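As structure tokens, the structure follows; a few thoughts come after it.
We did not get these values from a lab; they are worked out from the coordinates using the rules stated. All values reported here derive from a predicted model rather than from experimental measurement. Heads up, the Cβs are rebuilt from the backbone with ideal geometry, glycines too, and the neighbour counts pull from every protein chain shown.
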Amino acid sequence: MSGPVAFVLWVLLAYLVIVNGVYLLLHMLAVRTVREKVTLRPLEGLPPVQTALVPPVTVVVAARDDAEHVVDRVRAALALDYPQFEVVVVNDGSRDATLEHLREAFALEAFPEVYWRRVPVKPVRTIYHSRLHRNLRVVDKERGGTADAINAGVNTSRYPLFIALDPRWTLRRDGLRTLVEPFVDDPATLAACTTLRIDPDGTAALESGPAELPRSLFSRLQIVEHLREPLFVRLGWARLNAALAVSGSAILFRKDAVVESMGFRGDMLVEEMELVTRMHKLWRAKGERYVVAVVSDPICWARPAATLGELRANRMRWQVGLAQAMAANSELFGVRHGGVVRWLAYPFLSWLERFGPAVEVLGLVLLTAMFLLKLLPGLAFVAFLALLFALGFLVSMSALVLEDASFRLYPRWGQSARLAIAAVVENLGYRQLVAFWRFDALLRWWQTRR
Amino acid sequence: MGLLLLAAIAVLGALRRWRRRRMEAIENRWRNALSQAAEDPRGAALPTIGTWDLPHFLEAWNRMLESADEQTAERLGTLLGLHGIDERALRMLRKRSARLRLAAITAAGHLREPRAWDDLERLSQHGGPIVSFAAARALLRIDPRRALDVLSHSIPARDDWPLARLASVFETLGPSVVTNPLITMLLRRPRPGLDRVVKLARFGQPEKISSIVRGWLGSSTDPDVLMAALACIEDRADLPWALGAADHPEWRVRMSAARALGKVGNREELPALLQLLRDPVWWVRYHAAHGLIRLEGLEPHEIEAMREGARDSFAADMLGQALAERRWA
């Protein structure tokens with residue numbers, strides 16, 4: 001092998017070992033969280049929380065041109081099971097009948113409420129109160145985007161915690177009770193994130209207990225992917241209080257912390273990921289103790305992507321969101337008291353996760369080209385592919401073992417076997433395809449940035 | 001390696017299923033025995049509990065005790081005594097495993113076992129957040145008054161004991177038990193931790209607690225202390241303190257002052273509330289507006305006139321909101 005060929009091979013090898021090694025390390029850290037959970041299961045909810053001392057929650061529903069679904073979304077929010085909460089619906093300058101439908105369904109009337117503009121947002125036109133539900137208000141504002149709408153919800157909120165619901169996922173009806181526990185148990189908690197689970201037919205979100213596996217292999221591949229990365233990798237980072245790249249699922253925030261951080265940024269594709277990263281940066285810089293918790297219980301569910309196009313859009317969105325969040329908070333790498341966030345989580349996410357797809361795709365293309373040009377011996381090429389497969393399989397299987405030992409959402413033999421098959425198949429094209437999409441997203445982000 | 005993990009899943013899964021089936025069978029027998037014991041502990045046929053099964057049995061027993069009435073709890077306790085399980089649970093308190101300890105701690109609490117006192121006291125002082133809190137809860141079950149005495153320093157200081165859960169324990173114990181220890185803690189004014197005690201104070205006898213807390217009005221400038229004291233104002237005699245607090249640099253104190261003025265004030269307090277209505281902080285203005293509406297002797301048309309004549313638009317708007325909220329209530 002010539003010098004340049006060996007160099008490419010070594011770079012790829014180092015990348016694969018580091019990335020998968022960190023994943024395995026994070027899975028091992030997640031084991032501790034899972035073990036604690038199993039140990040404490042007999043004491044779960046004991047003694048019960050005294051509802052008078054549980055912090056009340058504002059549920060923000062941002063709606064834009066959503067006349068068809070908005071009433072159902074608000075009804076679902078009002079049906080949440082929690083001791084004290086209010087629902088703030090923000091109509092983000094809809095051009096359809098969103099506001100009219102809301103007005104009619106909930107008997108809204110304009111109310112002379114004094115608006116407190118703590119976070120800058122587009123002008124608010126009117127605030128409505130509902131004659132039917134004392135805990136429902138609707139804010140009608142000029143069009144400004146999702147982040148702007150959520151910020152308007154934060155400004156209108158009367159309670160110390162808030163959550164912005166998203167139509168892409170469903171929070172279990174009693175999910176807020178679980179999600180608030182980190183705040184009850186530790187007042188230094190700034191945000192509590194859920195981990196998204198895949199629900200093939202929309203029934204798992206209704207109740208706790210074992211779930212059904214989807215019939216299609218395509219959906220099962222997404223389940224394995226979700227178990228490996230968002231769930232156990234996130235739990236591992238949370239163990240180090242370094243969960244930065246949280247997105248795509250329910251997050252309960254402490255409102256004063258969000259206001260102090262100046263709210264969500266409208267120029268971010270995944271605004272919650274950027275905000276959580278920024279909160280880490282600000283609180284690390286202040287040197288104050290804080291917690292960004294990850295709740296492992298399966299309380300937040302989403303349907304799997306039904307088509308390749310939908311999956312591609314999801315993965316590209318995540319990749320651009322990650323790139324934006326990391327680029328926007330690059331000071332995190334130099335922040336004082338940065339600890340594990342500065343020295344491990346940020347570099348890993350900023351360099352390896354952000355640019356990893358480029359290394360994977362370009363590396364694979366280069367190696368294949370070198371093999372075809374007979375610059376790389378066949379044995380070395382096959383050995384490399386085998387290693388790529390083995391490491392990917394190892395991390396996926398480790399996630400399945402963890403799931404099997406902890407939450408047992410898929411307890412039956414057949415379910416374990418089908419997930420194990422998905423873990424094998426995942427490495428034969430699915431992961432490479434996702435890496436290619438992420439690489440594509442990275443290129444687009446880079447071009448837009450320039 | 002991946003294949004090894006695959007094999008591990010298969011083996012672990014098989015083991016777990018076998019254990020689950022075995023435990024289900026055993027638990028069925030336990031359940032029958034526990035149901036019999038709830039009626040007659042001496043007639044219950046409890047199978048021998050092996051060392052491995054003991055924590056599991058205690059967890060099942062603890063679960064049953066959480067919802068049992070006094071008489072059933074006593075009978076189920078007798079059952080443990082008859083089979084020597086109480087002794088074994090006591091020995092488990094010194095085990096290293098958190099699971100064993102937690103099962104034993106909870107059982108000792110349910111049994112109201114005085115022999116466990118020293119171990120529980122040690123665990124409540126030196127254990128991690130979960131073990132120490134479980135031990136504190138067990139102590140409070142065994143002898144609430146003595147436990148509150150022992151824990152009177154930990155309750156304010158240990159912010160890793162979830163306040164909302166501690167509050168539910170206080171609520172269960174009842175005002176007659178918790179009032180005096182709460183007074184002791186309040187008089188000590190622990191820093192940090194006073195805010196925790198103040199929040200728990202709502203579970204004591206209000207007439208005794210509020211006189212203590214009101215007594216702080218003239219003796220502290222600490223915002224947390226002042227806020228707690230202002231919340232207890234029931235009498236016009238204390239109004240000078242509320243008027244003094246209306247100028248406090250901390251907005252939460254000014255907000256509490258606005259509430260207190262609205263609660264016991266009358267026309268004479270109108271200037272102070274009007275001043276608070278122009279406060280830069282939204283919440284202070286909000287409570288000042290509501291306080292103003294509550295003022296004794298002030299007619300609605302006078303408030304409406306005040307709103308219309310207000311030169312400060314923030315104050316006028318807030319008064320308008322408060323009036324509308326009152327109409328909607």
- Item | Test item: Cα-centred dipole of segment A:352-450, Lys/Arg +1 and Asp/Glu -1 on Cβ, debye | 280 debye
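Loop-only check: which GluC sites (Glu not before Pro) in segment A:138-221 are DSSP coil with at most 11 other Cβ within 10 angstrom? The partial results should precede the final answer.
Numbers: sites: A:GLU142, A:GLU207, A:GLU212; in loops: A:GLU142, A:GLU207, A:GLU212.
For GluC sites (Glu not before Pro) across segment A:138-221 that sit outside H, G, I, E and B with at most 11 neighbouring Cβ atoms in 10 Å, the list reads A:GLU207.
Select from segment A:31-114 those GluC sites (Glu not before Pro) which occupy a DSSP coil region and have at most 15 other Cβ atoms within 10 Å, ordered by residue number.
Working: sites: A:GLU36, A:GLU44, A:GLU68, A:GLU86, A:GLU100, A:GLU104, A:GLU109, A:GLU113; in loops: A:GLU44, A:GLU68, A:GLU113.
Answer in residue order: A:GLU44, A:GLU68.
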- Filtered trypsin sites (Lys or Arg not before Pro), segment B:1-75: DSSP coil and at most 11 other beta carbons within 10 Å: none
- Mind telling me which of A:LEU387, A:LEU419, A:LEU235 comes out most flexible in a GNM of chain A, alpha-carbon contacts under 10 Å? A:LEU387
- Message: Tell me which of A:GLY3, A:LEU16, A:ALA79 sits at the most positive position along the dipole axis of segment A:1-145, charges placed on C-beta atoms (Lys, Arg +1; Asp, Glu -1).
- Response: A:GLY3
- Per residue of segment B:234-249, in order, report the coupling 6.51 cos²θ - 1.76 cosθ + 1.60 (Karplus, θ = phi - 60°) as ³J(HN,Hα) in whole Hz, putting x for Gly and Pro. 10, 10, 4, 4, 8, 4, x, 5, 5, 5, x, 6, 5, 9, 4, x
- Query: Which FRET efficiency value, to the nearest 0.05, do you get for A:LEU372 and A:TRP446 by plugging their Cβ-Cβ distance into 1/(1 + (r/R0)^6) with R0 = 22 Å?
  - Reply: 0.20
- Message: Quick check: the distance between the Cα centres of segment A:81-115 and segment B:297-312, to the nearest angstrom?
- Response: 30 Å
- Debye-sum result for segment B:152-232 in log10 I(q)/I(0), which assumes one identical scatterer on each alpha carbon, at q = 0.15, 0.20 Å⁻¹: -0.46, -0.84
- ³J(HN,Hα), Karplus 6.51/-1.76/1.60, whole Hz, each residue of segment A:179-195, x for Gly, Pro: 5, 7, 4, x, 6, 5, 7, 8, x, 7, 6, 9, 7, 10, 9, 9, 10
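In nm, what is the difference between 0.36 nm times the number of residues separating B:LEU187 and B:ALA157 and their Cα-Cα distance?
Working: separation 30, 0.36 × 30 = 10.80 nm, distance 1.49 nm.
Full-extension gain reported as 9.3 nm.
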- Counting only C-alpha contacts under 8 Å and six or more residues apart, can you give the relative contact order of chain A as a whole percent? 19 percent
- Solvent-free Debye scattering, log10 I(q)/I(0), computed from the Cα coordinates of segment A:188-297 at q = 0.20, 0.23 Å⁻¹: -1.05, -1.25
- Item | Cα-based Rg and Dmax for chain B, where Dmax is the largest Cα-Cα distance (Å) | 28.3, 84
- Calculate for chain A the 222 nm mean residue ellipticity that helices alone would give, adding -39,500 (n - 2.57) per DSSP H run of length 4 or more and normalising by residue count, nearest 500 deg cm²/dmol. -15500 deg cm²/dmol
- Using a Gaussian network model of chain A with C-alpha springs under 10 Å, which one of A:VAL259, A:VAL70, A:VAL365 is most mobile by mean-square fluctuation? A:VAL365
- Item | Euclidean distance between Cα centres, segment A:329-357 to segment A:363-433, Å | 27 Å
- FRET efficiency, 1/(1 + (r/R0)^6) with R0 41 Å, evaluated for B:ARG19 and B:LEU82 via beta carbons: 0.90
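Treating only the Cβ of Lys, Arg, Asp and Glu as charged (+1, +1, -1, -1), what charge dipole size does segment B:230-301 show about its Cα centre? Round to the nearest 20 debye. Write out the running numbers ahead of the final one.
Values: 9 positive and 10 negative charges, 52 e Å.
Charge dipole of segment B:230-301: 240 debye, to the nearest 20.
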- Alpha-carbon spread of chain A, three principal axes, descending order, Å: 77, 53, 45
- Considering every residue in B:158-169, what mean count of other chain Cβ atoms within 10 Å of its Cβ is obtained? 6
- P(r) of segment B:223-329 over all Cα-Cα pairs, binned every 5 Å from zero, in whole percent: 2, 15, 26, 25, 18, 10, 3, 0
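What FRET efficiency comes out for A:LEU13 versus A:VAL38 if R0 is 41 angstrom and r is the Cβ-Cβ distance? Round to the nearest 0.05.
On the way: r = 37 Å, r/R0 = 0.89.
It comes out at approximately 0.65.
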- Item | Pairwise centroid distance, computed over Cα atoms, of segment A:277-313 with segment B:178-217, Å | 40 Å
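Normalised radius of gyration for the protein assembly as shown, please: alpha carbon Rg relative to 2.2 N^0.38 Å, two decimal places. Walk me through the numbers on the way to the answer.
Numbers: Rg = 29.9 Å, N = 779, 2.2 N^0.38 = 27.6 Å.
Rounded to two decimals, the normalised Rg is 1.08.
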- Item | Choice from A:PRO112, A:PRO83, A:PRO298 showing the highest fluctuation, given a GNM over chain A with Cα pairs closer than 10 Å | A:PRO112
- Given a cut-off of under 8 Å on Cα pairs at least six residues apart, what relative contact order in percent is computed for chain B? 7 percent
- Message: Residue by residue through segment B:63-72, what is 3J(HN,Hα) from phi via Karplus (6.51 cos²θ - 1.76 cosθ + 1.60, θ = phi - 60°)? Round to whole Hz and write x for glycine and proline.
- Response: 4, 5, 5, 4, 10, 8, 7, 4, 5, 5
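Pairs B:LYS208/B:LYS263; A:LYS286/B:LYS199; B:LYS199/B:LYS263; A:LYS255/A:LYS286: which exceed 22 Å Cα-Cα? Before the final figure, lay out each step's value.
Numbers: B:LYS208/B:LYS263 20 Å; A:LYS286/B:LYS199 28 Å; B:LYS199/B:LYS263 20 Å; A:LYS255/A:LYS286 18 Å.
From the list (B:LYS208/B:LYS263; A:LYS286/B:LYS199; B:LYS199/B:LYS263; A:LYS255/A:LYS286), the Cα-Cα distance tops 22 Å for A:LYS286/B:LYS199.
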- Could you work out the local net charge near A:ALA345, counting Lys and Arg as +1, Asp and Glu as -1, over the other residues with Cβ closer than 12 Å to its Cβ? +4
- Note on the structure: Counting other chain Cβ atoms within 10 Å of each Cβ in A:185-195 and taking the mean gives 2
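Could you work out the relative contact order of segment A:57-159? I mean the mean sequence separation of Cα pairs under 8 Å and 6+ apart, divided by the number of residues, in percent.
Computed over segment A:57-159, the figure is 33 percent.
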- Cα centre as origin, Lys/Arg/Asp/Glu Cβ charges: segment B:152-232 dipole, Debye: 100 debye
- Task: Taking 7 Å along the Cα-to-C-beta vector as the label spot, tell me the A:ALA67-B:ARG146 distance in nanometres, rounded to one decimal.
- Result: 7.3 nm
- Item | Under-5 Å amide H pairs with A:VAL295, H placed in peptide plane, nonlocal only | A:CYS193, A:THR194, A:THR195
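Return the average number of partner chain Cβ atoms within 10 angstrom of each residue Cβ along peptide B:15-25.
On the way: counts 0, 4, 3, 0, 0, 2, 0, 0, 0, 0, 0.
If you average over the peptide's residues, the count of other-chain Cβ atoms is 1.
Which ordering of A:HIS133, A:HIS280 is given by a fewest-first count of other beta-carbon atoms within 10 Å? It would help to have the intermediate numbers written out before the result.
On the way: A:HIS133 16, A:HIS280 27.
Exposure proxy ranking, most exposed first: A:HIS133, A:HIS280.
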